[in-house]
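**Student:** Quick one: structure below, then a few questions.
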Amino acid sequence: MAKIILTHEVSGLGQPGDVLEVKDGYARNFLVPRNLATPWTKGAEKQIVAMRRAAKAREMATVEDALAAADKLRQSSVSVPAKAGAGGRLFGTVTSADVAAAVKRATGFDVDKRKIELPGRIKTTGPYTVQIRLHDSVVAPVDLEVVAT
């Protein structure tokens, strides 16, 4: 068994900063090469504290704050400009980073792109609904309009 520190959220495994013991092959072949985890070292305590502090700063403080933010997000209209050709087909796709930037422009909220759940690949212009996880128990649906530039 290998002792690791998660650097990113891994579904079914844990949150950033968690210290876990996983099988050697899983750590060596999957987690570490994808920068999802680092091997445990003696000096890793400072790294764990910094990761938890950064995660806490990004996270909404309370459920009430998250519910208030969710209400504001539901009421706002967010549009994402994207290059499109004939028939509304995009040159590329709309990513969660594009959606996070559009939400920031429309509402002023800093949303972590990893907390945005897209309804699949967005490859055409038109209306979409994306889910934004603001807190562990609060998910806000946001109406999104992809417009051609």
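Nothing in this text is a laboratory measurement; each read-out follows from the coordinates by a stated rule. Every value quoted in this text rests on a predicted model; they were computed, and no experiment measured them. Using ideal geometry, Cβ is built from the backbone for each residue, glycine included, and neighbour counts are taken over all protein chains shown.
**Student:** Of the cross-linked pairs 23/113; 23/115; 83/113; 56/83; 72/115, which ones have a Cα-Cα span greater than 26 Å in the structure shown?
**Tutor:** Details: 23/113 29 Å; 23/115 28 Å; 83/113 21 Å; 56/83 36 Å; 72/115 17 Å.
Too far apart for the 26 Å limit: 23/113; 23/115; 56/83.
**Student:** Work out the charge dipole of the chain with +1 on the Cβ of Lys and Arg and -1 on the Cβ of Asp and Glu about the Cα centre, then indicate which of 88, 33, 67 is farthest towards its positive end.
**Tutor:** Result: 33.
**Student:** If you don't mind, another one. Which value, in debye to the nearest 20, describes the size of the charge dipole of the range 101-142 about its Cα centre when Lys and Arg Cβ atoms bear +1, Asp and Glu Cβ atoms bear -1, and nothing else is charged? Mind dumping the intermediate values first?
**Tutor:** Numbers: 8 positive and 4 negative charges, 45 e Å.
The calculation lands at about 220 debye.
**Student:** Quick one: Karplus J couplings for the range 129-140, per residue in order, coefficients 6.51, -1.76, 1.60, θ = phi - 60°, nearest Hz, x for Gly and Pro?
**Tutor:** Residue by residue, the range 129-140 yields 10, 10, 9, 10, 8, 8, 8, 4, 10, 10, 10, 10 Hz.
**Student:** Out of 129, 79, 148, whose Cα points farthest toward the positive end of the dipole of the range 63-148 (charges: +1 Lys, Arg; -1 Asp, Glu; placed on Cβ)?
**Tutor:** My answer, from the dipole projection, is 148.
**Student:** Sort the following peptides by mean Cβ neighbour count (other Cβ atoms within 10 Å, averaged over residues), highest first: 20-29, 91-100. Don't jump to the answer; show the numbers that get you there.
**Tutor:** Numbers: 20-29: 13.7, 91-100: 16.3.
In decreasing order of mean packing, 20-29, 91-100 become 91-100, 20-29.
**Student:** Could you give me D for the range 2-58, from Stokes-Einstein at 4 °C and 1.567 mPa s, where the hydrodynamic radius is the Kirkwood radius over C-alpha pairs? Units µm² s⁻¹, please. Kindly include the intermediate steps, with their values, before the conclusion.
**Tutor:** Working: Rh = 11.3 Å.
Using the Kirkwood radius from Cα pairs, D works out to 115 µm²/s.
**Student:** What's the magnitude of the charge dipole for the range 63-148 around its Cα centre, counting Lys and Arg as +1 and Asp and Glu as -1 at the beta-carbon? Answer in Debye, nearest 20.
**Tutor:** Details: 12 positive and 10 negative charges, 97 e Å.
Charge dipole, the range 63-148, about its Cα centre: 460 debye, nearest 20.
**Student:** Using only the alpha carbon atoms of the chain, find the Kirkwood hydrodynamic radius as the inverse mean reciprocal pair distance, in angstroms to one decimal. Kindly include the intermediate steps, with their values, before the conclusion.
**Tutor:** Working: mean 1/r = 0.0577 Å⁻¹.
Hydrodynamic radius (Kirkwood, Cα only) of the chain equals 17.3 Å.
**Student:** Sticking with this one: Report the equivalent ellipsoid semi-axes for the range 63-148 in whole Å, largest first, defined as the square roots of five times the eigenvalues of the gyration tensor built from alpha carbon atoms.
**Tutor:** Working: eigenvalues 118, 27, 20 Å².
Ellipsoid semi-axes (Å, largest first): 24, 12, 10.
**Student:** Taking the Cα centre as origin and putting +1 on Lys and Arg beta-carbons and -1 on Asp and Glu beta-carbons, what dipole magnitude results for the chain, to the nearest 20 debye? Walk me through the intermediate numbers first.
**Tutor:** Numbers: 22 positive and 16 negative charges, 111 e Å.
So the dipole magnitude of the chain works out to roughly 540 debye.
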